[in-house]
Amino acid sequence: MIAAFVIGLAGVTAPAADRYDGPRPPKQDLLYLVHADNLVPTESTEAKQEGKKDDSTYTIAGTNSSARTPLAEPIFLIQSDLIEPDRLELYKMDVKNGHREVSVSKRRRANNAKALHLQVTKLDGRLYRVEVDEPLDDGQYSISPADSNRVFCFEIY
């Protein structure tokens, strides 16, 4: 009986210890880079899709993003309303002819971009932490919900 009470008490107090008390994004459905206690909004835009059903190239105007980080494994926060954080995909962008682009194909090809690894953790309500799960090289990157042309761009320098 005492063991049941102790186990029950631990279950009641454990969630309070895991409560998130860090910075919170001021806008919903926008990814923010975490720099200590500061949140830096990513560049949010729509990618222009060109190509066929199975082979698509997505382009974004400009050669670099306004959101920059020196971190090789950046961390993001998102207060989600419409975006499902578990459906986010990360891609490295190529800079060509004054724009950024990524080519995605459903067929196996040597130059086909593959989604990089992300880890998504629910923090509180609809607040999520999105972490890059592998070291990234310097360059231009975009995170996008699967099956959407909305992109959140950032640069690693």
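The values are calculated or read from the model by the stated rules, or taken from the named source; none is laboratory data. From a predicted model like this one, the values you see are computed outputs, not experimental measurements. Note that we place each Cβ from the backbone using ideal geometry, even for glycine, and neighbour counts take in every protein chain shown.
Values as computed for the structure displayed
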item: Selection from the range 115-157 of residues that are farther than 22 Å from Arg68 by Cα and either without any contact (Cβ under 8 Å) to a residue 24 or more places away in the chain or of a type in the set (D, E, K, R) (or both); result: Thr121, Lys122, Asp124, Gly125, Arg126, Asp147, Ser148
item: Residues (farther than 12 Å from Tyr141 by Cα and in contact (Cβ under 8 Å) with a residue 60 or more places away in the chain) located in the range 59-72; result: Pro70, Leu71
item: Residue in the range 139-146 that is in contact with a strand residue (DSSP E or B) (Cβ under 9 Å, 6 or more places away or on another chain), closer than 20 Å to Asp54 by Cβ and either among the hydroxyl-bearing types (Ser, Thr, Tyr) or surrounded by fewer than 18 Cβ atoms within 10 Å (Cβ to Cβ) (or both) present; result: yes
item: Answer from Ile83, Ile78 - the residue that is closer than 24 Å to Glu134 by Cα, touching a helix residue (DSSP H, G or I) at 6+ places or on another chain (Cβ under 9 Å) and modelled with pLDDT of 95 or more; result: Ile78
item: Positions within the range 119-138 being within 19 Å of Gly22 (Cβ to Cβ) and either buried (at least 17 other Cβ atoms within 10 Å of the Cβ) or at pLDDT 95 or above (or both), in sequence order; result: Gln119, Val120, Thr121, Lys122, Leu123, Arg126, Leu127, Tyr128, Arg129, Val130, Glu131, Val132
